[in-house]
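Each remark here refers to the structure printed beneath this line.
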Ligand SMILES: [Zn+2]
């Protein structure tokens, strides 16, 4: 299922798997002057491509990172003759994408291999210069794209007040990327795979994370365990957070957020 809306020259396409008329999670694809940012998931691939081709030409598809809600439809774009671009690390993963757990296959669909072109720091598409920045934290291969005053940030920031983390996420690295890369750039807003936000919102996000980190550190120094810290700081959370913990086969947990802000490794 898809929903398309337009803001000037920017088209915002929300896509998700149609489960008897419902969508559990949406991912966002952007189209701006022939440039597609992230392809969306394979389960909605035909709808996404048809919608984009009805908007205009496709000159390039830029991928932020290798997750299935961002790359799943890329092979179909490639089949239509469109060029896919991604970071060197993402290109490697896309050649042989990992098999994802059942719940993600249901929500997004298993991505298939696709050949993409590696990009470094800059790419010119038509008359637009696009700057590319490494943006690790959500995943090691993650990059963000700057086009004019828009910053396309993929999943670097998935929520402005995160209460849960994915097992592959490193929140100290996210904080570092946001403070030392994102906030150093001149932009009016970020456009992500699941949220859009202003510069002020991003400053609020860093403040939230630093405050949370300091509270976690205090409790950890007092000898509290990860479980005790999680219960103390993250027990009152929206139902959606609990649902993610329950259905994600251990891939999403509140404790991962605590551990990663303490600089501790966490495994599934
Ligand atoms: Zn992701």
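Some notes on this structure:
- Boolean, residue 36 is buried (at least 19 other Cβ atoms within 10 Å of the Cβ), touching a residue at least 40 places away in the same chain (Cβ under 8 Å) and part of a strand (DSSP E or B): yes
- Index of the failed condition, residue 217 passing every other in (1) within 16 Å of the ligand (Cβ to nearest atom); (2) in a helix (DSSP H, G or I): (1)
- Taking region 76-103 as the range and being touching a helix residue (DSSP H, G or I) at 6+ places or on another chain (Cβ under 6 Å) and touching a residue at least 40 places away in the same chain (Cβ under 8 Å) as the test, the residues that pass are 84, 103.
- Verdict on residue 61 being more than 16 Å from the ligand (Cβ to nearest atom), surrounded by 19 or more Cβ atoms within 10 Å (Cβ to Cβ) and touching a residue at least 40 places away in the same chain (Cβ under 8 Å): no
- Scan region 117-151 for residues that are within 16 Å of the ligand (Cβ to nearest atom) and either closer than 15 Å to residue 69 by Cα or in contact with a helix residue (DSSP H, G or I) (Cβ under 6 Å, 6 or more places away or on another chain) (or both) and the total you get is 7.
- Filter result (exposed (fewer than 14 other Cβ atoms within 10 Å of the Cβ) and under 17 Å from residue 167 (Cβ atoms)) within region 207-241: 227
- Of the residues making up region 144-170, those that are within 18 Å of residue 208 (Cα to Cα) and buried (at least 24 other Cβ atoms within 10 Å of the Cβ) number 4.
- Here residue 48 fits the description: crowded, with 20+ Cβ neighbours inside 10 Å, more than 17 Å from residue 125 (Cα to Cα) and either modelled with pLDDT of 95 or more or out of contact with any strand residue (DSSP E or B) (no Cβ under 6 Å at 6 or more places or on another chain) (or both).
- Just one of the listed residues (173, 179, 200) is surrounded by fewer than 21 Cβ atoms within 10 Å (Cβ to Cβ) and either within 16 Å of the ligand (Cβ to nearest atom) or at pLDDT below 95 (or both), and it is 173.
- Selection within region 152-167 - within 16 Å of the ligand (Cβ to nearest atom) and more than 21 Å from residue 72 (Cα to Cα): 159, 162, 164, 165
The values are calculated or read from the model by the stated rules, or taken from the named source; none is laboratory data. These numbers were taken from a predicted model, which means no experiment stands behind them. Neighbour counts are summed over all protein chains in view; Cβ atoms, including those assigned to glycine, are modelled from backbone coordinates with ideal geometry.
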